[in-house]
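Chemist: Before anything else, here's the structure in question.
Where a number appears in this text, it was derived from the coordinates with a stated rule and is not lab data. As the structure is a prediction and not an experimental result, all values here were calculated from the model. Note: ideal-geometry Cβ built from the backbone for every residue, glycine included; neighbour counts use all protein chains shown.
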């Protein structure tokens with residue numbers, strides 16, 4: 001537990017006051033209609049939305065998760081989420097403009113644009129509950145769990161105290177301000193969180209027990225954790241940490257913030273953009289910051305923690321009051337922060353509060369948008385007034401906060417929850433990528449994928465069947481579990497696609513005319529429409545997907561080059577750092593040329 005100075009307390013109080021002021025200030029305008037409350041009138045600029053995306057994913061559980069990964073598997077263990085860059089840039093250069101063209105209020109409303117009849121209505125309503133409530137509560141509980149651990153380590157707070165203090169302020173400004181309040185506060189939260197993360201990394205490396213960056217990188221507890229790529233001679237580590245994430249995971253698995261084809265709160269921000277190019281600009285900015293630059297301060301603190309707290313036992317010894325069910329490697333980040341001096345401590349605590357509030361407020365508004373737009377308005381009260389919709393949205397915000405807080409009180413580990421969520425979405429991602437470009441996919445494809453993925457994940461993760469197949473002496477190695485879930489789910493939904501009736505001609509033609517997806521996957525529908533003297537293709541716009549995929553690959557090379565170069569600069573390997581910097585410049589120039597082929601309007 002640390003003693004907060006008057007300066008520390010003042011910084012935190014000022015931050016809370018600014019956040020609440022913004023929520024109250026925009027509450028009147030946000031309460032005018034559901035469109036204002038959830039999308040702020042679709043008039044947001046790319047830079048504000050991009051910063052909001054970064055702030056939203058700058059949650060309290062993220063540095064804890066990264067610390068857990070680095071202490072367990074080294075820096076290379078981060079490929080389990082670094083691989084999602086491919087998903088992110090596919091969204092940037094292929095799907096962002098499609099989402100903005102759809103003009104839906106939520107990404108789940110897309111189901112009744114792309115599909116038709118009762119299956120589409122069921123899918124929309126079910127996914128609203130499944131994602132907006134169940135998955136959303138799981139994600140928020142992981143963030144709240146991290147806040148609980150930070151509160152216990154740094155302030156000696158009981159779990160319930162952290163939940164009450166942090167949750168109350170967040171739910172008030174989220175319920176009042178709606179999406180506009182979330183995005184405006186995200187702008188402040190982003191800079192606060194970045195300043196805190198950078199300041200903490202700089203100071204903690206200089207601790208006497210760490211001895212500076214050079215001593216840290218040579219320390220016996222750290223040397224074998226530094227590789228950015230896994231050890232190629234370690235077959236299991238290579239497959240688990242690099243091959244599966246890059247070859248299978250990024251396109252096959254649904255995960256909040258990294259949905260194949262875009263979705264969730266990322267889609268919410270794209271839908272709120274002024275136009276398609278603002279949607280593209282926002283998501284590209286987010287991916288650069290999220291993957292290339294932001295992880296390194298957390299990684300540095302995680303490496304330093306291996307010197308100060310070599311194992312979980314040493315953390316427990318230093319903080320004996322922490323409950324045993326909350327002990328884990330992820331506590332090391334909070335443990336290191338207790339060593340910060342007055343002033344910087346207040347800034348870092350404010351940054352952690354900022355990270356918590358940004359993520360939770362986004363999830364609350366996003367989840368409430370599903371409940372209101374895709375469940376309440378569709379299934380319960382189709383004639384609801386705008387005032388009623390906003391009221392239901394604010395009520396849902398409070399209920400989601402309470403449920404996630406209660407779940408957080410019984411959880412123990414953020415990495416554990418990350419793996420569970422990842423497994424439950426395994427195999428569904430390919431549908432989200434293909435449904436825009438292949439007419440044959442129907443509502444039953446998605447319904448079957450969702451249920452099969454969930455059932456198989458439960459069987460292999462929570463029953464003796466999983467132990468039988470994937471135990472140490474089982475039929476398959478442990479790393480094969482995820483690819484097997486993907487394979488079974490994919491076979492199931494492809495089979496169901498061909499065994500069930502395609503969507504009606506009217507639904508498919510209406511979707512094509514509005515979105516203009518193009519490509520060979522729609523040739524049959526376009527050709528049949530022409531036979532009926534119906535022209536679906538807008539001749540002014542060509543098919544940009546090939547250029548988009550090429551831009552995605554070049555963009556990945558650019559961002560990974562920046563990420564690797566940043567790491568090598570920190571490691572003092574200037575030859576590799578300069579080579580990668582040069583490569584990044586070349587990839588940036590190529591990407592600028594490709595951008596001219598993709599852009600739709602002038603920013």
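Chemist: Any chance you could give the angle, 0 to 90 degrees and rounded to 10, that helix 117-129 forms with the longest Cα principal axis of the chain?
Modeler: Approximately 10 degrees, to the nearest ten.
Chemist: State, in angstrom, two size descriptors of segment 89-129 derived from its alpha carbons: Rg to one decimal place and Dmax to the nearest whole number.
Modeler: Here Rg and the maximum Cα pair distance are 11.5, 34 Å.
Chemist: Could I ask something else about it? Expressed in nm to one decimal, what extension gain is obtained for the pair residue 535 and residue 468 from 0.36 nm per residue of sequence separation less their Cα-Cα distance?
Modeler: Length gained between residue 535 and residue 468: 18.5 nm.
Chemist: Something else now. Given the rule -39500 (n - 2.57) for each run of at least 4 DSSP H residues, summed and divided by the residues of the chain, what is its mean residue ellipticity at 222 nm, to the nearest 500 deg cm²/dmol?
Modeler: It comes out at -21000 deg cm²/dmol, rounded to the nearest 500.
Chemist: What number does segment 464-546 give for Rg over Rh if you use C-alpha atoms and the Kirkwood radius? Walk me through the intermediate numbers first.
Modeler: Details: Rg = 21.0 Å, Rh = 16.5 Å.
Over the Cα atoms of segment 464-546, Rg/Rh equals 1.27.
Chemist: Under the rule a/c < 1.5 gives rounded, and otherwise a/b versus b/c splits prolate from oblate, where does segment 279-324 land using the Cα gyration tensor?
Modeler: Prolate.
Chemist: With everything on Cα atoms, drop me the angle between helix 276-287 and the longest principal axis of the chain, reported from 0 to 90° to the nearest 10.
Modeler: Once rounded, the angle reads 30 degrees.
Chemist: Would you mind putting 141-152, 389-400, 199-210 in packing order, based on average other-beta-carbon counts within 10 Å, highest first?
Modeler: Per-residue Cβ counts within 10 Å, averaged per peptide and sorted highest first, yield 141-152, 389-400, 199-210.
Chemist: What ranking do 106, 362 get, fewest neighbouring Cβ atoms within 10 angstrom at the top?
Modeler: Numbers: 106 26, 362 29.
Exposure proxy ranking, most exposed first: 106, 362.
Chemist: Also, I was wondering about something else. Arrange the peptides 270-282, 307-319 so that the one whose residues have, on average, the most other Cβ atoms within 10 Å appears first.
Modeler: Descending packing order for the listed peptides: 270-282, 307-319.
Chemist: May I ask you to derive the relative contact order of the chain, considering only C-alpha pairs under 8 Å and at least 6 residues apart, and to give it as an integer percent?
Modeler: 26
Chemist: Which value in nm describes the separation of the simple spin-label points at residue 311 and residue 491, placed 7 Å from the Cα toward the beta carbon?
Modeler: 4.3
Chemist: Using a 7 Å offset from the Cα along the Cα-to-Cβ direction at both residue 232 and residue 195, what is the distance between the two label points in nm, to one decimal?
Modeler: Result: 4.5 nm between the two label points.
Chemist: Now, a different point. If neighbour count is taken as other Cβ atoms inside 10 Å, put 240, 162 in order from fewest to most.
Modeler: 240, 162
Chemist: Separation of segment 126-158 and segment 336-409 by C-alpha centroid, Å?
Modeler: 10
Chemist: Here is a follow-up. Based only on Cα atoms, what mean projected area does the convex hull of segment 366-408 have, in nm²? Each step should come with its number before you reach the end.
Modeler: Working: hull surface 11.7 nm².
Taking a quarter of the hull surface, the average projection is 2.9 nm².
Chemist: Rounded to whole Å and ordered largest first, report the semi-axes of the equivalent ellipsoid of segment 44-167 derived from its Cα gyration tensor (root of 5λ).
Modeler: Over the Cα atoms of segment 44-167, the semi-axes work out to 33, 21, 15 Å.
Chemist: Relative to the first principal axis of the alpha-carbon coordinates of the chain, what is the inclination of helix 545-571, with its axis defined by its Cα atoms, in degrees from 0 to 90 and to the nearest 10?
Modeler: Approximately 0 degrees, to the nearest 10.
Chemist: Let me ask another. Roughly what would the spin-label model give for residue 5 and residue 379, points 7 Å off Cα along C-beta, in nm?
Modeler: Reported label-point gap for residue 5 and residue 379 is 5.4 nm.
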